[in-house]
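The values are calculated or read from the model by the stated rules, or taken from the named source; none is laboratory data. The shown structure was predicted, so the numbers you read here are calculated from the model rather than taken from an experiment. Don't worry about glycine lacking a Cβ; one is built from the backbone with ideal geometry, like all the others, and counts go over all protein chains shown. Calculation scope for accessible area: heavy atoms of the full protein, side chains included, ligands and nucleic acids excluded. Shrake-Rupley method; radii C 1.70, N 1.55, O 1.52, S 1.80 Å.
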Amino acid sequence: SAQWLDRFRARFGVEPALIPDLRSGAILELLEKYPSAPRIARAQPSSLAAIHVACQHLRLGECELALAGGVSADPRLTDGYDYRPGRIFSNDGTCRAFGAESNGTVPANGMGLVVLKPLSRAVQDGDRVYAVIRGSAINNDGHGKVGFTAPSVAGQAAAIRRAMDVAGVAPSDIGYVE
């Protein structure tokens with residue numbers, strides 16, 4: 001909200017986007033909360049890694065509530081992009097992740113934030129529950145990956161096995177993976 005931005009600017013004297021390493025701690029200060037506020041930078045999967053780390057903190061009882069999210073902000077993205085055949089960008093301006101008609105990605109600005117709590121606490125507090133995360137895992141398989149931003153099949157499979165172990169589920173229990 002505009003009120004939150006005004007408080008942020010008054011307290012820190014700078015726009016939030018200009019201090020990415022301090023944002024999470026600054027937000028907690030404004031909320032008058034004092035737990036840890038790690039910043040996780042992992043290229044594309046940063047927000048999913050943040051959710052994984054937040055779930056670990058909740059499982060270990062290190063916090064009762066966690067905020068996790070991600071931001072992609074590039075001030076240069078104002079007039080579209082330069083499409084070139086054979087490159088990463090979509091030729092029609094549409095991203096269809098995992099779709100049969102998929103033909104590339106689309107650069108964009110955006111952000112997302114989720115509030116995470118143990119399920120029992122959310123039910124007790126009368127919160128609306130949109131999803132339940134039963135297990136998660138992250139990996140980085142170094143030089144074994146397909147490309148800088150793409151994991152290897154073996155590394156991805158190992159991460160999925162770890163997430164299933166944490167969740168206590170078998171492969172036959174899973175209907176969808178993203």
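Return yes or no: is ILE133 farther than 30 Å from ARG76 by Cα, at pLDDT 90 or above, among the aliphatic types (A, V, I, L, M) and in a loop (DSSP other than H, G, I, E, B)? For ILE133, the condition - farther than 30 Å from ARG76 by Cα, at pLDDT 90 or above, among the aliphatic types (A, V, I, L, M) and in a loop (DSSP other than H, G, I, E, B) - is met.
A quick yes/no check of all residues on (1) at pLDDT 90 or above; (2) more than 16 Å from ARG59 (Cα to Cα); (3) open to solvent by 70 Å² or more (accessible area, probe 1.4 Å):
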residue: ASN91; (1), (2), (3): yes, yes, yes
residue: MET111; (1), (2), (3): no, yes, yes
residue: SER120; (1), (2), (3): yes, no, yes
residue: GLN124; (1), (2), (3): yes, yes, yes
residue: GLY142; (1), (2), (3): no, yes, no
residue: ARG161; (1), (2), (3): yes, yes, yes
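Of all the residues in region 88-124, those that are in a strand (DSSP E or B) and of a type in the set (Phe, Trp, Tyr) number 1.
Of all the numbered requirements in (1) more than 23 Å from LEU58 (Cα to Cα); (2) loosely packed, with under 11 Cβ neighbours inside 10 Å, ALA154 misses one, and that requirement is (2).
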